[in-house]
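Below: the structure, in structure tokens.
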Amino acid sequence: MSKTKEPTYEDLRKKLSDEEIVESFVFRSSMTDEEREQANDEFRKLRFESLKNMSDEQILQSELMRMRLLMKDYFKQSEFIESYSFSSQLKKYIDLLKKTRTDFAADLDIHKTKLSRILNDKENPNIELMYRLEHHSGNMIPATYWHRLYSRKLEEDIKMDTIKRLEEYKRVKNRLKFKKSA
């Protein structure tokens, strides 16, 4: 296994200015484990202090961004996860807002019973609701994300519903039949 030769100052000087060389240089840490732990503690304290000073609006905005990023990661996976169903994510969204379901239904101009049916998977959401959710979230969570959540659940339902599939098969006449090829 050959080791790559690190470039010398002269090598770098041929390609970069002194300022560019200085800006690109990374110093190795010479801290002891104890000093590193102390620095981490100080950083942690500063981070918690800045979190304490965040407004409710900033906290909500960061939580919505977190929710959006978690959805985006979920979309990269191929399997359905119940906690990422449309209704589960909508419940989380409402919880983040710290609103009653009645107030939230009023915000979206839908009947509270309809919202309840959607949250309990008794009724499917429509595209109009997804547009309203996008707008309600200040475009933090796009309508396409809400639709993808719903689509994943629908796809899973189609895969798993063998009883309904067999019922519907019985209603088909003149089904196409193909010879099996070798």
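I'm told M65 meets every condition in (1) at pLDDT below 85; (2) surrounded by 11 or more Cβ atoms within 10 Å (Cβ to Cβ); (3) among the hydrophobic types (A, V, I, L, M, F, W, C) except one. Can you identify the failing condition by its number?
Just one mismatch for M65, condition (1).
Please give the number of the condition F80 fails out of (1) within 29 Å of D56 (Cβ to Cβ); (2) in contact (Cβ under 8 Å) with a residue 40 or more places away in the chain; (3) surrounded by fewer than 18 Cβ atoms within 10 Å (Cβ to Cβ); (4) not acidic (D, E).
For F80, the exception is condition (1).
I'm trying to understand the selection: among the residues of the range 107-135, which are in contact with a Phe, Trp or Tyr (Cβ under 6 Å, 6 or more places away or on another chain) and either touching a residue at least 40 places away in the same chain (Cβ under 8 Å) or of a type in the set (D, E, K, R) (or both)?
The one that is in contact with a Phe, Trp or Tyr (Cβ under 6 Å, 6 or more places away or on another chain) and either touching a residue at least 40 places away in the same chain (Cβ under 8 Å) or of a type in the set (D, E, K, R) (or both): L133.
Return yes when S55 is out of contact with any Phe, Trp or Tyr (no Cβ under 6 Å at 6 or more places or on another chain) and closer than 30 Å to R152 by Cβ and no when it is not.
no
I'd like the full set of residues that are part of a helix (DSSP H, G or I) and out of contact with any helix residue (DSSP H, G or I) (no Cβ under 9 Å at 6 or more places or on another chain), limited to the range 68-102. Break it down stepwise before answering.
Step one: list which residues in the range 68-102 are part of a helix (DSSP H, G or I), which gives 68-76, 82-84, 86-97, 101-102.
Of everything in the range 68-102, those that are part of a helix (DSSP H, G or I) and out of contact with any helix residue (DSSP H, G or I) (no Cβ under 9 Å at 6 or more places or on another chain) turn out to be L69, D73, K76, D95.
Confirm whether L60 is farther than 30 Å from E155 by Cβ, assigned to a helix (DSSP H, G or I) and touching a residue at least 24 places away in the same chain (Cβ under 8 Å).
yes
Quick check, is I141 in contact (Cβ under 8 Å) with a residue 24 or more places away in the chain, in a loop (DSSP other than H, G, I, E, B) and crowded, with 16+ Cβ neighbours inside 10 Å? Give the steps one after another, and end with the answer.
On the way: in contact (Cβ under 8 Å) with a residue 24 or more places away in the chain: yes; in a loop (DSSP other than H, G, I, E, B): yes; crowded, with 16+ Cβ neighbours inside 10 Å: yes.
Here the answer is yes, as I141 does meet what is asked.
Considering R152, R165, which residue is surrounded by 12 or more Cβ atoms within 10 Å (Cβ to Cβ), in a helix (DSSP H, G or I) and either out of contact with any Pro (no Cβ under 7 Å at 6 or more places or on another chain) or free of Cβ contacts under 8 Å to residues at least 40 places away in the same chain (or both)?
So the residue among R152, R165 that is surrounded by 12 or more Cβ atoms within 10 Å (Cβ to Cβ), in a helix (DSSP H, G or I) and either out of contact with any Pro (no Cβ under 7 Å at 6 or more places or on another chain) or free of Cβ contacts under 8 Å to residues at least 40 places away in the same chain (or both) is R152.
Criterion first (within 30 Å of Y93 (Cβ to Cβ) and either in contact with a Gly (Cβ under 7 Å, 6 or more places away or on another chain) or at pLDDT 80 or above (or both)) does R44 satisfy it?
Working: within 30 Å of Y93 (Cβ to Cβ): yes; either in contact with a Gly (Cβ under 7 Å, 6 or more places away or on another chain) or at pLDDT 80 or above (or both): yes.
So R44 fits the description; yes.
The values are calculated or read from the model by the stated rules, or taken from the named source; none is laboratory data. These figures come from a predicted structure and were not determined experimentally. All Cβ positions, glycine included, derive from the backbone under ideal geometry; neighbour counts span all protein chains shown.
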